[in-house]
1. Just want the answer: with Cβ charges of +1 for Lys and Arg and -1 for Asp and Glu, which residue in N46, L84, G59 is farthest toward the dipole's positive end in the chain?
2. Once you charge only the Cβ atoms, +1 for Lys and Arg and -1 for Asp and Glu, what is the size of the charge dipole of the range 1-75 about its Cα centre, to the nearest 20 debye?
3. In deg cm²/dmol and to the nearest 500, what is the mean residue ellipticity at 222 nm of the chain if only DSSP H runs of at least 4 residues count, each as -39500 (n - 2.57), divided by the residue total?
4. Show me, bin by bin at 5 Å from 0, the whole-percent P(r) of the range 7-84 based on Cα pairs.
5. When a footprinting reagent is the concern and you count Cβ atoms within 10 Å, what order do T86, T6 take, fewest first?
6. DSSP H helices in the chain with Cα extent of 15 Å or more along the helix axis and mean Kyte-Doolittle hydropathy at least 0.0?
Amino acid sequence: MATRLTNQLLNQLLSDLGFQPGEVSKKNHRAWRHPESGCVLFLPVNKLAEVPRPADIVGIRDQLALHGHLDEDVFDVFAAEGKLPTSSSEPG
């Protein structure tokens, strides 16, 4: 059964992949930094139970794949099911 992707699940995914949340900017965005790869992702600080904006989902998906953190297909499973597939849960 499909799970609705929420900001809380997306934040948890980034944390599980080793990203560290930064301070909230004046424009209500948070930088998530990955210390080893140098990848930085920016997400608006939204209500945790709400669905992320489509542009944010696509951007996170693309950047995680580009930097070798998570394959696009694995991210798609996560977005649909709310969890990483067990056989592909290891970060890139």
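Every number in this text was worked out from the coordinates using simple rules, so none of it is lab data. Please read these numbers as outputs of a predicted model, since none were measured by experiment. Cβ sites come from the backbone with ideal geometry, for glycine too, and all protein chains shown count toward neighbours.
1. Sorting the options by dipole projection puts first N46.
2. Numbers: 8 positive and 9 negative charges, 94 e Å.
In total the dipole reaches around 460 debye.
3. When only DSSP H runs of four or more count, the value is -11000 deg cm²/dmol.
4. For the range 7-84, the pair-distance distribution reads 3, 16, 28, 29, 17, 5, 1.
5. Ranking T86, T6 by Cβ neighbours within 10 Å, fewest first, gives T86, T6.
6. 54-66
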